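The values are calculated or read from the model by the stated rules, or taken from the named source; none is laboratory data. What you see is a predicted model, and the numbers here were worked out from it, not measured in a lab. Neighbour counts are summed over all protein chains in view; Cβ atoms, including those assigned to glycine, are modelled from backbone coordinates with ideal geometry. Quick note on the areas: whole protein, heavy atoms, side chains included, nothing else; ligands and nucleic acids left out. Shrake-Rupley method; radii C 1.70, N 1.55, O 1.52, S 1.80 Å.
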Amino acid sequence: MSVQWSWDRAFEALPVLLEGFKITLVATVLGFLISVVLGLVIALIRQAAPRWIAMPVRAVSEFIRLTPLVVQLLFVYYTFTALSPLQIGVVVLGIHYSTYMAEVYRAGIEAVPVGQWEAARALSIAPARTWRAIILPQAIRRVVPALGNYAVSMFKDTPLLFAITVIEMVTAAQQFGARHFQYLEPLTLAGVIFLIASYPTSLLIRRLEKRLAG
């Protein structure tokens, strides 16, 4: 028995999916903000802090980066019951992706020419000012496209929040399908919305990458 597409059902599902998309967008934006800030902190600690601080931070960062996101979501969900599922999702997404952002920042920092460091030392510029005024502006400029790519990846990972009962867009589509015993329209629309939201961002990142490279 073939499944027939119904435009009436599609238009009925669309408002439900858009409500779920709001949750998807909130989780992505807030999670991304956490990840870019925390990732920079991790990168700076690993590059500039004493070894007895940098090594434990590196170990924790590697552990988070190399364990599945869904396991982290479930662990925090069942451990910190005072927080709402969406709060947990935002924080875990942010922390998980901060470990990837840290690697991106680290690569950007290491790509800064050695001569920049030597010139700063020759001019007796304080280390804090060297980082703030010379190294970080150059490093961040180099890694903006990579940070954008991880933002898109985070956006596509938000359906994993279903594991902790967050009703983001894909979960909303599944629930609509379960109520109407038809999954074709809601899941297709969810995929189209993901494409509409992520494809222009990918094009913008690609254009920005070419511009910075030039």
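Structure summary
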quantity: Ranked packing of 67-75, 13-21, most packed first, by mean Cβ within 10 Å; calculated: 13-21, 67-75
quantity: Cα-based helix-to-principal-axis angle, 7-48 vs the chain, degrees rounded to 10; calculated: 20 degrees
quantity: Difference of contour (0.36 nm per residue) and Cα-Cα distance, SER84 to THR201; calculated: 39.2 nm
quantity: Choice from PRO85, PRO127, PRO159 with maximal GNM fluctuation in the chain (Cα, 10 Å cutoff); calculated: PRO127
quantity: Per residue solvent-accessible surface (Å²) - the chain, probe of 1.4 Å; calculated: 58 Å²
quantity: Carbon plus sulfur fraction of accessible area for the chain, probe 1.4 Å, in percent; calculated: 67 percent
quantity: Computed FRET value (nearest 0.05) for GLN116 with PHE63, which takes r as the C-beta separation and R₀ as 30 Å; calculated: 0.40
quantity: Isotropically averaged projected area of the range 100-214, using the convex hull of Cα atoms (one quarter of hull area), nm²; calculated: 9.5 nm²
quantity: THR165-ALA107 FRET efficiency (beta carbon distance; Förster radius 25 Å; 0.05 resolution); calculated: 0.10
quantity: For the chain, with +1 on Lys and Arg beta carbons and -1 on Asp and Glu, the positive-most of GLN72, ILE42, SER124 along the dipole; calculated: SER124
quantity: Protection proxy ranking, peptides 91-99, 203-211, average beta carbon neighbours within 10 Å, highest first; calculated: 91-99, 203-211
quantity: Shape metrics for the chain, restricted to C-alpha atoms - Rg then Dmax, Å; calculated: 21.1, 78
quantity: R0 of 35 Å, Cβ-Cβ distance PHE11-VAL71: FRET efficiency to nearest 0.05; calculated: 0.40
